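S.K.: Pasting a structure here, questions to come.
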Amino acid sequence: MKRKATLTLTIMLAMLLLGIFAGINYFNLRTNELPFRCSTFSRYDLSRNDNKKIEFAVSQDLRFINSDSGYLLLNGQVTFGDEVTTVNRRIALSAGNKIDSDTYRYKIREIITSTNDTTPDAVFNLLLAEITLDPGYLQLDITRIDKKTYLVGGPLSYLFTCQRY
């Protein structure tokens, strides 16, 4: 009987410790979610069958600073037909929230064009349409793959992998 009580007490203590450690890990993950910063380089080929090449080669720096602000930097080159232009824009974000376990949704407050950006708005909007479903909001799924590597997806498809820093 004494052996059974000791075994029961040991199992209960182990379960209690497991619950405490799980709770600590849960809250540690929650506090480390923001700020979220990651960067990558991506190539988007948006060409269709009309023989006009539309290609974006951009570095992307995604930053969710807190639930009220963030931004996405897009810097690189755009090939539109025979023309090559520079894209250098910052999509400023506000009024963000986490809508499920791995999805963040932010309002696009404004798109800031740098002075060295030579890409026409109509061409840039093609990339923006690829990244966002609604031009007023940026909604991204952020799925952890590795310790610091994340898969970032939009509403329609996965967009890129990035390295958190």
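The values are calculated or read from the model by the stated rules, or taken from the named source; none is laboratory data. Computed from a prediction, not measured in an experiment: that's the story for all the values here. Every residue, glycine as well, gets a Cβ built from its backbone with ideal geometry; the counts of neighbours run over all protein chains shown. Heads up: the accessible areas ignore ligands, DNA and RNA and are worked out on the full protein's heavy atoms, side chains in. Shrake-Rupley method; radii C 1.70, N 1.55, O 1.52, S 1.80 Å.
S.K.: Net charge near Ala92: determine it from the other residues with C-beta under 12 Å of the C-beta of Ala92, scoring Lys and Arg +1 and Asp and Glu -1.
M.R.: +3
S.K.: If you place +1 on the Cβ of every Lys and Arg and -1 on the Cβ of every Asp and Glu, how big does the dipole about the Cα centre of the stretch 90-155 come out, in debye to the nearest 20?
M.R.: In total the dipole reaches around 320 debye.
S.K.: Right, here's the next one. Give me the 1.4 Å probe accessible area per residue for the stretch 22-165, excluding ligands and nucleic acids, in Å².
M.R.: Heavy-atom accessible area per residue stands at 57 Å².
S.K.: Something else now. Please report the net charge: other residues with Cβ closer than 15 Å to the Cβ of Thr149, K and R +1, D and E -1.
M.R.: +2
S.K.: Express the carbon and sulfur contribution to the solvent-accessible surface of the stretch 29-108 as a percent, rounded to the nearest whole number, probe 1.4 angstrom.
M.R.: Accessible surface attributable to carbon and sulfur in the stretch 29-108 totals 43 percent.
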